[in-house]
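A.B. asks: There's a structure below that I have some questions on.
Just so it is clear, none of the values below were taken in a lab; they were calculated from the coordinates. Predicted model only: the values in this text are computed from it and were never measured. Every residue, glycine among them, receives a Cβ derived from its backbone with ideal geometry; neighbour counts consider all protein chains shown.
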Amino acid sequence: MNNTVLELENISYKYKNDLILNKINLKINSGEKIALLGKSGSGKTTLISVLNGTIKPTQGEVKLFNKSFEELDRKQKSKITTIWQDLRLIEDLSAEQNVNCGLLAENNFYFAFKNLLNISSFKKAHKYMKLCRLHNFIYDKKIRKLSGGQKQRVAIARSLIQESNILLADEPFNNLDPKLITTIKNLLLENVDKNKTKKSPKTVLVALHRLDLLNDFDKVIGIRDGKIFFNIKRNNLKKIHLEKIY
Amino acid sequence: MNKLKLNYTSLSFLPILVCIPLGYQLINNIHFGGFKLFQEFLISAFNPKIDNEIIITVIKRLNETILIGFFSWLVSIIFGAIFGIFSSNIFYKIFNIPSFIYVIIRFFLTIIRSIHEVVWGIILMQIYGINFSIGIIAICIPYIAVNTKVFAEQLETIDYKSFESINQINAPKFSSLLTLIWNPIINTFKNFGLYRLECSIRSAVILGLFGIGGIGTSIFLSFQTLNFRELWTYLWSLAILIILSGLIFKKIKFNTTNKILSIFFIVVFFLTILFSFSYFLYFIFNNNFENFNSVSSLFKSSLDLGLFDFLKLILETIILSLLSTGIAISLPPLVIGIFNNNSFKIFIKIFAFLLRLIPTPVILLTLLTFNNPSLSLAALTLGLHNAGITSKLLFTNLDIQDKRNYIAMKSLGIPKKTSWLLGLFSQQAKSYLAYCAYRSDIIIRETAIVGVIGSVGLGWQLQESLSSFAWQEVAIVLIAYSSIAIVGELINGKIKNSLT
Ligand SMILES: Nc1ncnc2c1ncn2[C@@H]1O[C@H](COP(=O)(O)OP(=O)(O)OP(=O)(O)O)[C@@H](O)[C@H]1O
Ligand SMILES: [Mg+2]
């Protein structure tokens, strides 16, 4: 099971004169469930943006399936999906249209066009919205009219509908009540079943602040001031580890 | 209040100082020969000619104007949106195209935009002869460039983060592009596109004055034959058209979730593109370029225009723009502030409406009844017309503004005019000035229209050179024109940035 899907080699990211990520080395193996811990401003969001190829690091190399992003084609790159901390939905589109945006990668231009005209099929979108406990009456509501928790779940549904093998989630439990948190956590960590025949292992990295949710993860990474302080199995997590990063 | 402080409020009033040189020249040029004519012109406003014959003419001419206006609007809005996409930076980001191409396209569009549709019209008429479709083409050329700019600017407002998130989905590039630009494009069309229809109808009227046809031509002919009662029939019918179209568009609500309507729009969209292209090809291959024999004539014809004359014309055009802008900025707040009561307000609103309604060449011709042609007269005309436009904006903004300060100041016993100035206008001044900066871009372009008729500046020279087929001079005048407009736009851009 130890095949590496994502790898960071000596990554640094500088913004003006601030060193936001500092010489990060990280290997993420297929099927791993990783929790990313660190206090506010420690660089979690930046790390996730480097991992999904949105930010180019100032130094070092990111490898997805042992290749750099430039060498990969669009289909391979679309194997990563992200739930952003600030959601990044399209405010003027409806909830179901936003969820359908997750399907853009596997469909052609005509699908995008139909989605905007509101004449595409929303069957799959509705299925994932239901899984996220979103109800009928918000399907065709504009994002700007939704509550914080509803928006959060639309963003999660948009990401899950991509059925990608690698999921990066940045504080996905924001704005959710305790019951929803359990539901969503299970959805995020659940293995995908795209081919209906076999469960393919899903690699998940979740940045979070809730230490009580760590139980379902295999690994914990602690980051502080843009540096990885520890990268260990969850069972080995001790109090001193947490004292180091908080 | 004993020291004049330079703030936005005083800056809105200071430009009225242009009235000193302006008034001086106007008084020196006064003549009383046409006083009776002027009187007749005014009286006829209340007594337009109405009979069966003229009503039929009005309907026929209005039809032509609406057709020119509508088709040029349709073509220019659709191509404006398309070129807007291709010159927006979101397009270059998604497709990883080097951005110098975008700089080149923008520069090219700025040049096209800097030349007024009347100038395009006059040039095209000289080349192809008078022709209905010349009107449409003449309006479309600068309008496409203007619309392109507006669409591109609206596309710049797309949040960079939503771009990143859609990009990260790794969809086909055209899918990502379409998904991101969809709403900005539709919103721009709703907020700006419909207003442009009114603009293109106005432009169709003005081109009519120069012989393209439609109600504008009738207006011009009736003025030429001093048939003022007929003139006012045309003017009032134009007013009704503009008011009606405004009302209709306020009622129309675009429902983008309506499938049949969406499909209808798409069909119109593609038909327009198809039609424009085939017409474009037809136009190119089916016209003998009678007067424009060959490009080489550009380099052959001897240049009658001396450098000194040329510089003088440029200077005249710049002064004309400055004087008109001064009037357009300061006159509305001054008049609204001084005559600040309800009955006067209605009077001012009607007067401003008339100034907007009556095409500038007609205002100029009217003023010529008691003043000899001069630079100041042309400036007054252009200034008044644009003051009609700026005052509409000022009225609208003052009406929706929170009036608590004003009421509080009045109840403290502060004089009404002072309370209006400090409690009401001062809060508007900044945005008003920003709008005026934008307006002055347009004024620079419009100097061409009054220039042709009032025999000042480059506009007049253009007419002269065209009628003697001196293409080299025409080219030089056009270059001078667009340089002034581009420099003006750069300066105004700086001013606007500092105001917003
Ligand atoms: N766009 C940006 N421009 C400049 N600095 C940035 C930008 N984004 C983040 N930073 C800086 O980078 C550092 C790390 O930010 P990051 O968002 O990665 O932290 P985080 O761990 O996700 O914090 P939080 O838990 O609050 O979300 C911070 O010091 C922040 O100020
Ligand atoms: Mg963060």
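A.B. asks: Please compute P(r) over all alpha-carbon pairs of segment B:1-119, binned at 10 Å starting from zero, and give each bin as a whole-number percent.
C.D. replies: Cα pair-distance distribution for segment B:1-119, in percent: 9, 15, 16, 23, 23, 11, 2.
A.B. asks: Also, I was wondering about something else. Please identify the longest segment of chain A free of exposed trypsin sites (Lys or Arg not before Pro), where exposed means a DSSP state other than H, G, I, E or B and no more than 10 other Cβ atoms within 10 Å. Walk me through the intermediate numbers first.
C.D. replies: Details: sites that count: A:Lys16, A:Lys196, A:Lys198, A:Lys238.
Value returned for the longest uninterrupted segment is A:17-195.
A.B. asks: With chain A treated as a Gaussian network of Cα nodes joined by springs under 10 Å, which of A:Leu180, A:Leu208, A:Leu36 yields the largest mean-square fluctuation?
C.D. replies: A:Leu180
A.B. asks: Follow-up. Quick check on chain B: helices-only [θ] at 222 nm, where DSSP H runs of length 4 and up contribute -39,500 (n - 2.57) each and the sum goes over total residues. Nearest 500, please. Numbers along the way, then the final one.
C.D. replies: Values: 24 runs with 388 residues, N = 500.
About -26000 deg cm²/dmol.
A.B. asks: Would you mind giving the average projected area, over all directions, of the Cα convex hull of segment A:82-163 in nm² with one decimal?
C.D. replies: Values: hull surface 19.3 nm².
Computing the convex hull of the Cα atoms and averaging its projections yields 4.8 nm².
A.B. asks: Give me the tail of P(r) for the protein assembly as shown as a percent: Cα-Cα pairs with distance above 39 Å.
C.D. replies: Numbers: 140885 of 277885 pairs.
Roughly 51 percent, once rounded to a whole number.
A.B. asks: What helices does chain B have that are whole DSSP H segments, at least 30 Å long along their own axis by Cα, and with mean Kyte-Doolittle hydropathy of -1.0 or more? Walk me through the numbers on the way to the answer.
C.D. replies: Numbers: long enough: B:52-86 (50 Å, 1.52); B:132-156 (36 Å, 1.20); B:228-251 (34 Å, 1.11); B:259-285 (39 Å, 2.29); B:307-338 (46 Å, 1.83); B:375-400 (37 Å, 0.98); B:426-454 (39 Å, 0.33); B:471-499 (41 Å, 0.89).
In chain B, the long hydrophobic H runs are B:52-86, B:132-156, B:228-251, B:259-285, B:307-338, B:375-400, B:426-454, B:471-499.
A.B. asks: With a sphere of radius 15 Å drawn around the Cβ of A:Asp216, what net charge do the other residues whose Cβ falls strictly inside it have (Lys, Arg +1; Asp, Glu -1)? If you can, show how the numbers build up before the last one.
C.D. replies: Details: positive: A:Lys33, A:Lys185, A:Lys202, A:Arg210, A:Lys219, A:Lys233, A:Arg234; negative: A:Glu32, A:Glu190, A:Asp212, A:Asp218.
Taking every other residue near A:Asp216 into account, the sum is +3.
A.B. asks: Given the rule -39500 (n - 2.57) for each run of at least 4 DSSP H residues, summed and divided by the residues of chain A, what is its mean residue ellipticity at 222 nm, to the nearest 500 deg cm²/dmol? Don't jump to the answer; show the numbers that get you there.
C.D. replies: On the way: 8 runs with 69 residues, N = 246.
So the calculated ellipticity at 222 nm is -8000 deg cm²/dmol.
A.B. asks: On average, how much area does the Cα convex hull of segment B:29-80 cover when viewed from any direction, in nm²? Walk me through the numbers on the way to the answer.
C.D. replies: Details: hull surface 27.6 nm².
Mean orientational projected area (segment B:29-80, Cα hull): 6.9 nm².
A.B. asks: Within 15 Å, Cβ to Cβ, of B:Leu368, how many net charges do the neighbouring residues add up to if Lys/Arg are +1 and Asp/Glu are -1? Mind dumping the intermediate values first?
C.D. replies: Numbers: positive: B:Lys36; negative: B:Glu40.
Surrounding charge for B:Leu368 is 0.
A.B. asks: Next question. For segment B:134-258, with the dipole built from +1 on Lys and Arg beta-carbon atoms and -1 on Asp and Glu ones, taken about the Cα centre, which of B:Gln224, B:Leu155, B:Cys140 lies farthest toward the positive end?
C.D. replies: B:Gln224
A.B. asks: Considering the Cα trace of chain A, what is its radius of gyration and what is Dmax, both in angstroms?
C.D. replies: Using the Cα atoms of chain A, the pair Rg, Dmax is 18.1, 55 Å.
A.B. asks: Which net charge results for the neighbourhood of B:Leu398, defined as the other residues with beta-carbon distances under 13 angstrom from its beta-carbon, given Lys and Arg at +1 and Asp and Glu at -1?
C.D. replies: Details: positive: B:Lys345, B:Lys349, B:Lys392, B:Lys403; negative: B:Asp399, B:Asp402.
Net charge around B:Leu398: +2.
A.B. asks: Between A:Asp216 and A:Lys238, what FRET efficiency comes out of the Förster formula 1/(1 + (r/R0)^6) with R0 = 25 Å and r the beta carbon distance, rounded to 0.05?
C.D. replies: Numbers: r = 19 Å, r/R0 = 0.76.
After rounding, the FRET efficiency stands at 0.85.
A.B. asks: Okay, next question. What base-10 log of the normalised intensity I(q)/I(0) is obtained for segment B:101-158 from the Debye formula, alpha carbons as equal point scatterers, at q = 0.27 Å⁻¹?
C.D. replies: For segment B:101-158, the Cα-only Debye profile gives -1.02.
A.B. asks: Right, next: I need B:Tyr128, B:Tyr24 ordered by Cβ neighbour count within 10 Å, fewest first.
C.D. replies: So the residues, fewest neighbours to most, are B:Tyr24, B:Tyr128.
A.B. asks: Rounded, prolate or oblate, given the Cα gyration tensor of segment B:412-500, with a/c below 1.5 counting as rounded? Kindly include the intermediate steps, with their values, before the conclusion.
C.D. replies: On the way: a/c = 7.12, a/b = 2.52, b/c = 2.83.
Because a/c hits 1.5 or more and a/b fails to exceed b/c, segment B:412-500 counts as oblate.
A.B. asks: From the P(r) of segment A:150-246, could you give the percentage of C-alpha pairs in the tail past 24 Å? List each step's numbers first, then the result.
C.D. replies: Working: 1387 of 4656 pairs.
Of all Cα-Cα distances in segment A:150-246, 30 percent exceed 24 Å.
A.B. asks: With θ set to phi - 60° and the Karplus curve 6.51 cos²θ - 1.76 cosθ + 1.60, what are the ³J(HN,Hα) couplings of segment A:78-89 in order, to the nearest whole Hz, using x for Gly and Pro?
C.D. replies: 6, 6, 9, 10, 10, 9, 7, 4, 9, 6, 6, 8
A.B. asks: Using the count of nearby Cβ atoms within 10 Å as a rough guide to exposure, how do B:Trp182, B:Trp236 rank from fewest to most? Spell out each step's value before the answer.
C.D. replies: On the way: B:Trp182 20, B:Trp236 15.
The most exposed by this proxy come first: B:Trp236, B:Trp182.
A.B. asks: Between the alpha-carbon centers of segment A:210-239 and segment B:190-228, tell me the distance in whole angstrom.
C.D. replies: Centre-to-centre distance over Cα atoms comes out at 73 Å.
A.B. asks: Can you give the translational diffusion coefficient of segment B:50-292 in µm²/s, computed by Stokes-Einstein from the Kirkwood radius over Cα pairs at 25 °C and 0.890 mPa s?
C.D. replies: On the way: Rh = 19.9 Å.
It comes out at roughly 123 µm²/s.
A.B. asks: Taking N as the number of residues in chain B, what is its Cα Rg relative to 2.2 N^0.38 Å?
C.D. replies: 1.03
A.B. asks: Would you list B:Tyr92, B:Tyr234, A:Tyr128, A:Tyr246 from fewest to most Cβ contacts within 10 Å?
C.D. replies: Working: B:Tyr92 16, B:Tyr234 29, A:Tyr128 25, A:Tyr246 13.
Starting with the residue having the fewest Cβ neighbours, the order is A:Tyr246, B:Tyr92, A:Tyr128, B:Tyr234.
A.B. asks: More than 13 angstrom separation, counting every C-alpha pair in segment B:132-187; what % is that?
C.D. replies: On the way: 1031 of 1540 pairs.
Looking at segment B:132-187, the distances longer than 13 Å represent 67 percent of pairs.
A.B. asks: Can you tell me the Rg and the Dmax, both Å, for the Cα atoms in segment B:304-417?
C.D. replies: Using the Cα atoms of segment B:304-417, the pair Rg, Dmax is 18.4, 67 Å.
A.B. asks: Next up: Taking the alpha carbon gyration tensor of segment B:1-70, what are the square roots of 5 times its eigenvalues, largest first, to the nearest whole Å?
C.D. replies: So the three semi-axes of segment B:1-70 are 43, 23, 12 Å.
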